[in-house]
């Protein structure tokens, strides 16, 4: 049963009504200057746009999202909360958390806004989230409160209050709704789609590329029809390209139009890939444009992708999750959401080994924590859970014995004074 059918329709007084116009600079409609129809649906038929949206939404959706809790100076994963299961494992009975978060991110990229209905149990805990297509939602102010009007085909429109809706807006300057990247980039996307259409028609229908046949005499209606049919059947279409043309009765062919190589057709198509990458704030190599990439800079480009392209979206999502999914009591309990991006920043095996060596030697990671990062089982040796310092690589807990054995404490130092010295030494290392 549709989630919208389970909602109770409420008649609210329309006082202080305000509706935000999601268009910008008269971007209503869908036809671009190039003549192509560009909508959120048709734009996905352009490979660069589909790749950009699937890349960002898939990356964000696949990142581990944890509900965390601060306890004094420590942090723990709050996996005992129902909201953790919703955001980490399963959005609703029919949708995994990865799918749900991927869908919402895709909606934000295409429409500028992502919406989902929050379903609570009898205790007020969120137990499910159901995505709602943004083209059916209109945010409004009624009676001084922000509400969302949802259009339902064949039924009455439904109005939901703010506490029933998770709304994550993209870039926008009114504080409530975001701008649709598809609408803003309509000219650029339309040009790319027009180039694809031109290429398809050129190879599929053209007489390669455009030829007129001149006849020294005047042709009758029947002769004109026969000549046109003969030339079209024999020489028109991709499969008939470059065939030897046989002409009779003094006819002469004349080539017209601008050849694709003269109009820089291929260069124009190539240029549109970084153009789309700019709209979605992506490095071009992520859209499979490797013309400016090499083995020397591809790792730096990957870091740029995480810090410049993905991180702003993650912070936007985390803050909206905190503000809209956590109650005031849960916020007071210091609960918060955090994405784990460590997997995106993994270097080569050699670089990871050097990194772990430094982190273990700096008493930051234990050997078992490093093994966990590599998806390895923990070492059963108790020392693998110890912190080490770079003093011939001994466990931190054995440092006092090591110093007493190798250097010996000063007889004038008391035991408490020696412990203070050891703490200072540990902090410096």
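The values are calculated or read from the model by the stated rules, or taken from the named source; none is laboratory data. Since the model is a prediction, treat every value here as computed from it, not as a measurement. Reconstructed Cβ throughout: ideal geometry from the backbone, glycine too, with neighbour counts over all protein chains shown.
Restricting attention to the range 358-385 and to residues that are within 33 Å of the chain's Cα centre (by Cα) and in a helix (DSSP H, G or I), the residue that is nearest to residue 345 (Cα to Cα) turns out to be 373.
Conditions tested, residue by residue: (1) surrounded by 14 or more Cβ atoms within 10 Å (Cβ to Cβ); (2) in the same structural domain as residue 91 (by TED's automatic domain parsing); (3) in a helix (DSSP H, G or I); (4) without any contact (Cβ under 8 Å) to a residue 40 or more places away in the chain.
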site	(1), (2), (3), (4)
309	yes, yes, yes, no
316	yes, yes, yes, no
319	no, yes, yes, yes
322	yes, yes, yes, yes
338	yes, yes, no, no
352	yes, no, yes, yes
355	yes, no, yes, yes
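Residue 168 - would you say it is in contact with a strand residue (DSSP E or B) (Cβ under 9 Å, 6 or more places away or on another chain) and either part of a strand (DSSP E or B) or crowded, with 20+ Cβ neighbours inside 10 Å (or both)? Considered against the rule, which asks whether it is in contact with a strand residue (DSSP E or B) (Cβ under 9 Å, 6 or more places away or on another chain) and either part of a strand (DSSP E or B) or crowded, with 20+ Cβ neighbours inside 10 Å (or both), residue 168 comes out as yes.
Does residue 303 fit the bill of being assigned to a helix (DSSP H, G or I) and at pLDDT 85 or above? Considered against the rule, which asks whether it is assigned to a helix (DSSP H, G or I) and at pLDDT 85 or above, residue 303 comes out as no. Within the range 174-211, if we keep just the residues that are assigned to a loop (DSSP other than H, G, I, E, B) and within 33 Å of the chain's Cα centre (by Cα), the residue that is modelled with the lowest pLDDT turns out to be 175.
Got at least one residue in the range 64-87 being assigned to a strand (DSSP E or B), within 20 Å of the chain's Cα centre (by Cα), in contact (Cβ under 8 Å) with a residue 40 or more places away in the chain and surrounded by 14 or more Cβ atoms within 10 Å (Cβ to Cβ)? So far as the range 64-87 goes, yes, one or more of its residues are assigned to a strand (DSSP E or B), within 20 Å of the chain's Cα centre (by Cα), in contact (Cβ under 8 Å) with a residue 40 or more places away in the chain and surrounded by 14 or more Cβ atoms within 10 Å (Cβ to Cβ).
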